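The block underneath contains the structure these notes are about, expressed in structure tokens.
The values are calculated or read from the model by the stated rules, or taken from the named source; none is laboratory data. Just so it is clear, the structure is predicted and the values come from calculations on it, not from any experiment. Quick reminder, even Gly has a Cβ in these numbers, built from the backbone with ideal geometry, and neighbours come from all protein chains shown.
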Amino acid sequence: MFLLSSLLEQEVLLGLQTVLDRSWDIFFRNANAGAAPGTAYQSPPPLSTSLSTLSQAQFLVQAQPNVDKLVEDHLAVQSLIRAYQIRGHHVAQLDPLGILDADLDSSLPADIVTSTDKLGFYGLDESDLDKVFHLPTTTFIGGNESALPLREIIRRLEMAYCQHIGVEFMFINDLEQCQWIRQKFETPGIMQFTNEEKRTLLARLVRSTRFEEFLHRKWSSEKRFGLEGCEVLIPALKTIIDKSSEKGVDYVIMGMPHRGRLNVLANVIRKELEQIFCQFDSKLEAADEGSGDVKYHLGMYHRRINRVTDRNITLSLVANPSHLEAADPVVQGKTKAEQFYCGDTEGKKVMSILLHGDAAFAGQGIVYETFHLSDLPSYTTHGTVHVVVNNQIGFTTDPRMARSSPYPTDVARVVNAPIFHVNADDPEAVVYVCNVAAEWRSTFHKDVVVDLVCYRRNGHNEMDEPMFTQPLMYKQIRKQKPVLQKYAELLISQGVVNQLEYEEEIAKYDKICEEAHARSKDEKILHIKHWLDSPWPGFFTLDGQPRSMTCPSTGLNEEDLTHIGQVASSVPVEDFTIHGGLSRILKTRGEMVKNRTVDWALAEYMAFGSLLKEGIHIRLSGQDVERGTFSHRHHVLHDQNVDKRICIPMNHLWPNQAPYTVCNSSLSEYGVLGFELGFAMASPNALVLWEAQFGDFHNTAQCIIDQFICPGQAKWVRQNGIVLLLPHGMEGMGPEHSSARPERFLQMCNDDPDVFPKLLDDFDVRQLYECNWIVVNCSTPANFFHVLRRQILLPFRKPLIIFTPKSLLRHPEARSSFDDMLPGTHFLRVIPDSGPAAQNPEQVKRVLFCTGKVYYDLTRERKARQMEADVAITRVEQLSPFPFDLLQKEAQKYPAAELVWCQEEHKNQGYYDYVKPRLRTTINRAKPVWYAGREPAAAPATGNKKTHLTELQRLLDTAFNLDAFKDLA
């Protein structure tokens, strides 16, 4: 009887297992298919009728509650597994000091089982710990096993998610990516290292640690922003580079802040140690032009063999200022350019690594702007590995006062980047995480973040006293055993190395440092060029000789002008329907070409098209640049009947032309301008332009302008030919859309207002070579055409700031003839008066010097007052470098005339403060230089149209009232 009962029970249990297996299969299929909460579970089908009807019925009456309880328990276990996957990182042991919570929260999640009493959260108790539960397909903790006891499930989850690695990834909305990450961290025994790998890791830690100790011994009173407390950064970066090299990457572009920069240069980029050590010599003289910069701002470019993969790898560390995270978009732009020029459309050969500080990563908005470029078609670099050196403190600011998010890395969640937090005092965990990060980038070509939770052994710099503000933290740090010592003791205890081998490794690197230090004393001068992060081989020489300081004519033959104009006024694609309004615009363009004239948009088209023919890649970027903010450009045509079908006529000009890239950007200035600067950095043989939606919008990118564009060559001997197009003009549109703030750019020009330069041969080109940037305000389409072409035909590169018009885009008088653009023509730095006043200069009573749009207001008023013979109007097209030579001729041409600077901007803005002293130097202070324009004001312009017109009329009255300045005189 007992035997029969047992057999019956066994058969029922087998049938129950079959039913449950089918039930669970249905549940997981439904859940994975996205079933709504509560709908994935379906009741099990009836048990097999192979048992007697009575026995089955009797059993089911008793067993049904147990079946429901079993299903509930399995669901509870799945919820428990999911809780660890989502929130396990909150429990992970991330702080090497053991005193802080990396997520700023000391409470434990209610759904993470840290003790048996937490099982009640899931309706389980201690008696369930040894029960075996089926594992869902969304976990890999079972390895080759499909079911485990609850006790083992919890243990394995704790090993995967709650030790020295905290994984944030469950916010990612891609199942394949989530499964990939689960496999990398949940698979039992996956984090294993060979003895050889451990010895390599130890050797890298030795180099990282002893480098900092050597600098401290030799220059104890010098700032160096050392790496102490995060020495594991060096093996971390080398691991990322090794794995990426293994996956096919041969060029890595890096950006990083001060901390650890010298160590990265020495032990990752492999810059010669003597070049680093000689930088500490305060008596070293600069051999190169420019002021140079402090050693922990400088960059480097180096091509070497990667000893792990035996493949060539090029490493570039981009120079950066103290402005935190400002280098992020620059690195991304340079990476995009290098990918573009080598045809790397998927980011398999060129990649970027960005290093960050924890406080800056959370606090600087440019981080968010840069992340939001990561998936945009014209900006993506196909994945960046971000490494955060998480000091758990800013300069002196506690994290609780520095951010509102749990982690400093939470900003990365906006682009579904996985975030791997890791205790920096566990080198093997760090190396494993970095391997995974590099594999992720190679597999999915998306961003990934490694958060190295560490500490800063010294203050913000070596001279700072951190005990003032963080006494308890630094008491613990003083007791903290360095990571090298801890890891060496571990490997010695494991028998991987012995004490003698460890000491020999230290002695070997110390000897390398000492020998390099001895060599560094032979350096008498500092060559900043050794620290270039973007060399342009071959650009500055021609046939082995320095390029001549000349610029050829920027004109173009009429055949090319006509051809470009015809393409610009047509649709070079069949069956393409354009908007009716655009048809009229293209027809107007065609008529202009027939009449041999150009407006502003057509002049730009011809400049671009001609450079494309010469093999110059052109990239125009910014908000709404494809159409143009003022609906004038229309470089991208949209089919009105087919969604997303576009045509870019500029790419249909010539059979073997260079590519033209025109791309609307995200609504960002800081990030996008930094990106374009980085793109322009990669090659001198490209015209890279950024256009502001309105000129004054550049002020949110001021950091890039102030820190990179204006002083870039002086600080880093790094030329850059980026062009800024800044719409500017007082047209009654209010203070937000009028001024591109020319006074700010002119204030930062490096020419001397009190010194009249020597007028040597090729003065105009040599003057450009010596300036830090070029500032122009063109009044004719032809001059705009020439200045764009000159930007490429010059034998060097300088940033070009162009104040572009708004109303002149359609002004009937703002037209140029083909004759002004033919061979032999060039950019006019100054456009003299060519009317009646110029015919009888001795009779002229006043010369009005001006720039830009106001010229058309002045000529209209002069004509209305019938004063063409009394007043000459001279246009200054190039403001900086200042055209001393040409304006001297203009002043001498009108010996009896008063000199007046006329501008539409307010007196404390615009050009007056820049122009007046230079004009006075030009005429040797023989006469006063009067002012005609708006009075000083705090805002750039009035918001009232009537007031605007009143101010304009007052400006014109002053300019043409020949008695206006007599009382002042």
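The residue pairs whose first member lies in region 239-253 and is over 18 Å from Val431 (Cα atoms), whose second member is of a type outside the set (S, T, N, Q) and assigned to a loop (DSSP other than H, G, I, E, B), and whose beta carbons are closer than 8 Å, counting only pairs six or more residues apart or on different chains, are Gly248/Lys348; Gly248/Lys349; Val249/Lys348; Val249/Lys349; Asp250/Lys349; Tyr251/Cys342; Tyr251/Lys349; Ile253/Val318. Just a yes or no: is a residue in region 729-751 within 26 Å of the chain's Cα centre (by Cα) and either among the acidic types (Asp, Glu) or at positive phi (or both)? Scanning region 729-751 turns up at least one residue that is within 26 Å of the chain's Cα centre (by Cα) and either among the acidic types (Asp, Glu) or at positive phi (or both). Taken over region 294-332, the criterion of being farther than 26 Å from Asn461 by Cα and aliphatic (A, V, I, L, M) is satisfied by Ile305, Val308, Ile313, Leu315. Within region 678-704, the residues that satisfy the criterion of being over 21 Å from Glu604 (Cβ atoms) and either among the hydrophobic types (A, V, I, L, M, F, W, C) or crowded, with 23+ Cβ neighbours inside 10 Å (or both) are Gly678, Met681, Ala682, Ala701, Cys703, Ile704. The single condition among (1) assigned to a loop (DSSP other than H, G, I, E, B); (2) over 15 Å from Gly98 (Cα atoms) that Leu491 does not satisfy is (1). Among the residues that make up region 935-958, is at least one of them assigned to a strand (DSSP E or B) and surrounded by 22 or more Cβ atoms within 10 Å (Cβ to Cβ)? Checked against the condition, which is being assigned to a strand (DSSP E or B) and surrounded by 22 or more Cβ atoms within 10 Å (Cβ to Cβ), region 935-958 yields no hits at all. For region 697-780, the helices (runs of 4 or more DSSP H) that sit wholly inside it and include 1 or more residues that are modelled with pLDDT under 95 and not assigned by TED's automatic domain parsing to the domain that holds Leu886 are 712-716, 763-770. Figure legend. Inter-residue proximity from region 259-270: first residues under 18 Å from Lys243 (Cα atoms), second residues hydroxyl-bearing (Ser, Thr, Tyr) and part of a helix (DSSP H, G or I), beta-carbon distance below 8 Å, spacing 6+ or different chains. Indicated pairs: Asn267/Ser208. One residue is enough: does region 643-666 have a residue meeting the conditions in contact (Cβ under 8 Å) with a residue 12 or more places away in the chain and either closer than 21 Å to Ser352 by Cα or within 12 Å of the chain's Cα centre (by Cα) (or both)? Yes: region 643-666 contains one or more residues that are in contact (Cβ under 8 Å) with a residue 12 or more places away in the chain and either closer than 21 Å to Ser352 by Cα or within 12 Å of the chain's Cα centre (by Cα) (or both). Has region 705-712 got any residue that is surrounded by fewer than 23 Cβ atoms within 10 Å (Cβ to Cβ), on the phi < 0 side of the Ramachandran plot and over 21 Å from the mean Cα position of the chain (by Cα)? Scanning region 705-712, I find no residue that is surrounded by fewer than 23 Cβ atoms within 10 Å (Cβ to Cβ), on the phi < 0 side of the Ramachandran plot and over 21 Å from the mean Cα position of the chain (by Cα), so the answer is no.
Specify the residue that is modelled with the lowest pLDDT; the eligible residues are those in region 463-500 that are of a type in the set (A, V, I, L, M) and more than 13 Å from Leu202 (Cα to Cα). The extreme case among them is Met463. Return yes or no: is Tyr931 farther than 21 Å from Lys845 by Cβ, at pLDDT 95 or above and either outside the structural domain of Pro757 (by TED's automatic domain parsing) or of a type outside the set (Ser, Thr, Tyr) (or both)? It is false that Tyr931 is farther than 21 Å from Lys845 by Cβ, at pLDDT 95 or above and either outside the structural domain of Pro757 (by TED's automatic domain parsing) or of a type outside the set (Ser, Thr, Tyr) (or both). Being within 18 Å of Glu614 (Cα to Cα) and either outside the structural domain of Phe608 (by TED's automatic domain parsing) or in contact (Cβ under 8 Å) with a residue 24 or more places away in the chain (or both) is the requirement here; does Val567 meet it? The answer is yes for Val567.
The set of residues in region 103-158 being in a helix (DSSP H, G or I) and among the acidic types (Asp, Glu) consists of Asp117, Glu126, Asp128, Glu152, Glu158.
Out of Tyr368, Tyr407, Tyr432, report the one residue that is crowded, with 23+ Cβ neighbours inside 10 Å and among the aromatic types (Phe, Trp, Tyr).
The conditions single out Tyr407.
Looking only at residues in region 690-713 that are aromatic (Phe, Trp, Tyr) and in contact with a strand residue (DSSP E or B) (Cβ under 6 Å, 6 or more places away or on another chain), the one that is nearest to Ser322 (Cα to Cα) is Trp690. Within region 689-700, residues that are under 13 Å from Ser666 (Cα atoms) reach partners that are of a type in the set (Val, Ile, Thr) with beta carbons closer than 8 Å, at six or more positions or on different chains, in the pairs Trp690/Val672; Trp690/Ile722; Trp690/Val723; Glu691/Val625; Glu691/Thr629; Glu691/Thr804; Gln693/Thr629. Residues in region 713-728 that are touching a Phe, Trp or Tyr at 6+ places or on another chain (Cβ under 9 Å) and either on the phi > 0 side of the Ramachandran plot or small (Gly, Ala, Ser) (or both) were compared, and the one that is surrounded by the fewest Cβ atoms within 10 Å (Cβ to Cβ) is Val717.
So for region 581-601 (the condition being surrounded by 12 or more Cβ atoms within 10 Å (Cβ to Cβ), at pLDDT 95 or above, over 30 Å from Ile802 (Cα atoms) and of a type in the set (Lys, Arg)), does at least one residue qualify? No: region 581-601 contains no residue that is surrounded by 12 or more Cβ atoms within 10 Å (Cβ to Cβ), at pLDDT 95 or above, over 30 Å from Ile802 (Cα atoms) and of a type in the set (Lys, Arg). Any residue that is buried (at least 22 other Cβ atoms within 10 Å of the Cβ) and touching a strand residue (DSSP E or B) at 6+ places or on another chain (Cβ under 6 Å) - is there at least one of those in region 391-401? No; the residues of region 391-401 include none that is buried (at least 22 other Cβ atoms within 10 Å of the Cβ) and touching a strand residue (DSSP E or B) at 6+ places or on another chain (Cβ under 6 Å). All of Ile792, Ile801 fail the test of being assigned to a helix (DSSP H, G or I) and buried (at least 18 other Cβ atoms within 10 Å of the Cβ), apart from Ile792.
Applying the set (1) outside any loop (DSSP other than H, G, I, E, B); (2) more than 35 Å from the chain's Cα centre (by Cα) to Ser570 leaves exactly one unmet item: (1).
Taking Glu503, is it under 21 Å from Gly824 (Cα atoms) and surrounded by fewer than 16 Cβ atoms within 10 Å (Cβ to Cβ)?
So Glu503 does not fit the description; no.
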